[in-house]
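Contents: one structure, followed by commentary.
The values are calculated or read from the model by the stated rules, or taken from the named source; none is laboratory data. What you are looking at is a predicted structure, and each value in this text was computed from that prediction instead of being measured. Positions of Cβ are backbone-derived with ideal geometry, glycine not excepted, and every protein chain shown enters the neighbour counts. Keep in mind that these areas ignore ligands, DNA and RNA; they rest on the heavy atoms of the full protein, side chains included. Shrake-Rupley method; radii C 1.70, N 1.55, O 1.52, S 1.80 Å.
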Amino acid sequence: MPAVVDATQRAEGAASDWANEPLQERHASLIPHTERPYNAEPPNEALTYMITPETKHYRRQHTPVPLINNLNEAKVTIGFEEHFKNGKGLFHFSQPELEKKFGETARDIAVTLMCTGNRRSEFNNKTDGETMGLPWKNGSISTATWSGCYLADVLRACDLTPENTTGNGYFFLTMQGIEDYHVSVPLDKVWKRDGDCMIVWKMNGQPLPRDHGYPLRVMIPGFVGARSVKWIKNISVCKQETDGMHQRGIAYKQLGPNHKALSAVTKEYIESMPPIDHVPVTSAITYPEPETIVQPGERLELKGYGYSGAGLCIIRVDISMDGGATWSQADIERADSTQTIRSNRAWAWVQWSKTITIPEGNGPLKRNDMNNNVT
Ligand SMILES: Nc1nc2c(c(=O)[nH]1)N[C@H]1C(S)=C(S)[C@@H](COP(=O)(O)O)O[C@H]1N2
Ligand SMILES: [Mo]
């Protein structure tokens, strides 16, 4: 099967559309999959830190990066979906206004974002062909400390409450970026205090980089990266999920292994399924680098990350040096004490490590032959 271009991606278009890309924010070591729009992942070295330096955090865009010239004029508009139709009863906040109103309750939160396509390239092989979408390696995942306020507090300031929303048949929150990217999440997640949904204006203590949503982005921890809308423009309370590729369409629907081509799948079948909200548990080795050859008897510190969606905590990472015959446990580092086993708020990955000796008898081993397993 030939490589299929991501159907969600816009065509490159005129060169002038790309004149304002924030090139200086992007570390030279990032590995791009497409330059326009800029989709890139960090090298393995950058994946070994608990907090990914922001210049090396992965980036996922569908368009040129919006340029904001006037911070006071760029506002997020909030209200019921009907209000967006008649233009009444809507509330507007710029980033400085939000910071002024909610700055006292602002908080920092370590969240791992993972694009649902993380490690997709590992599915590509000679027998089954190539998967649709960008061929991410193990790096469309990164962790940052995001700062801002609870989204629920902002909604309440807009006369929205659990009673007049979820209590009244409005089950979804739809979020739209300046460039028109739009998705929804269940509103219930936003009202829950321990859902930790936020509107953020800082990343690792600095104003949001343009690539990551300047001036405001939504953070929906524990959900797929796609739900954390950057350059947030509209937030509406809705009865149904929003239409479109990233919500009701194919992008986040999981088809059975028998489906080899999209042409055989009906729109009705796709829309009958809910989208993927949470990614399942995953773990990857980040040191030594892929393709490294290690020698028998060599001692080294194996490193990797482990992550689960839905705030579920990684409790154990097992390592095998003999193809799964015997196992031992890695040491685990967590982002902070809130991200513990019983909190259900483990929004960040764990960094794991294990000092190992490469067994004798097999000859040199390629890093790709080592196994790890995660619980
Ligand atoms: N407005 C907007 N928000 C967006 C996107 C986008 O293209 N536009 N991409 C989404 C996807 S698919 C992912 S995985 C994350 C990536 O966030 P990052 O680029 O800050 O790593 O942002 C999400 N939010
Ligand atoms: Mo994504």
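Averaged over residues, the count of other Cβ atoms within 10 Å places the peptides 123-131, 103-111 in the sequence 103-111, 123-131, highest first. Using 1/(1 + (r/R0)^6) with R0 = 25 angstrom and r between the beta carbons of Asp180 and Ala14, what's the FRET efficiency to the nearest 0.05? Between Asp180 and Ala14 the formula returns 0.90.
The relative contact order of region 262-375, computed from alpha carbon pairs under 8 Å that lie at least 6 residues apart in sequence, is 35 percent.
With the simple spin-label model, which puts each label point 7 Å out from Cα in the Cβ direction, the Leu300 to Lys88 separation comes to 6.8 nm.
Provide the solvent-accessible area of Leu255, counting protein heavy atoms only and rolling a 1.4 Å probe, rounded to the nearest 10 Å². The accessible area comes out at roughly 50 Å². Report the Cα centroid-to-centroid distance between region 263-291 and region 27-67 in angstrom, as an integer. The distance from the Cα centre of region 263-291 to that of region 27-67 comes to 20 Å. Per residue, the chain reaches -2000 deg cm²/dmol at 222 nm when only DSSP H runs of four or more residues are counted, each adding -39500 (n - 2.57). Neighbours of Met114, meaning other residues whose beta-carbon lies under 14 angstrom from its beta-carbon, give a summed charge of +4 when Lys and Arg score +1 and Asp and Glu score -1. For the chain, modelled as a GNM whose springs connect Cα atoms under 10 angstrom apart, the maximal fluctuation among Gly89, Gly304, Gly79 occurs at Gly89. Dipole of region 324-367 computed with +1 at Lys/Arg Cβ and -1 at Asp/Glu Cβ about the Cα centre; of Asn344, Ile356, Ala325, farthest Cα towards the positive end is Asn344.
Overall, the accessible surface of region 1-157 at a probe of 1.4 angstrom is composed of carbon and sulfur to the extent of 52 percent. Positive end of the charge dipole of region 39-166 (Lys, Arg +1 and Asp, Glu -1 on Cβ, about the Cα centre): tell me which of Met50, Phe91, Cys115 has its Cα farthest that way. Working it through, the farthest residue towards the positive pole turns out to be Cys115. For the chain, averaging the sequence separation of C-alpha pairs within contact (under 8 Å, six or more residues apart) and dividing by the residue count gives a relative contact order of 16 percent. About the centre of its Cα atoms, region 159-276 shows a dipole size close to 300 debye [charges on the beta carbon of Lys, Arg (+1) and Asp, Glu (-1) only; nearest 20 debye]. Selection among Cys197, Gly169, Thr145 by position relative to the dipole of region 142-215 gives Thr145 as farthest towards the positive end (Cβ unit charges, Cα centre).
Of all the options Pro359, Pro66, Pro32, the one that moves most in a Gaussian network model of the chain with Cα springs shorter than 10 angstrom is Pro359.
For region 128-139, putting each phi into the Karplus relation 6.51 cos²θ - 1.76 cosθ + 1.60 with θ = phi - 60° gives couplings of 8, x, 10, 7, 6, x, 5, x, 4, 8, 8, x Hz, in residue order, rounded to whole numbers and with x for Gly and Pro. Remark: relative contact order (region 109-220) = 23 percent; criterion is Cα-Cα distance under 8 angstrom and separation of 6 or more residues.
Rolling a 1.4 Å probe over the protein heavy atoms leaves Met273 with an accessible area of roughly 40 Å². With K and R counted +1 and D and E -1, the other residues having a Cβ less than 10 Å from that of Lys354 yield a net charge of -2.
Each Lys and Arg contributes +1 and each Asp and Glu -1, all at the Cβ; summed about the Cα centre of the chain, the dipole is approximately 420 debye. Surface exposure of the chain, expressed per residue as accessible area with a 1.4 Å probe, stands at 46 Å².
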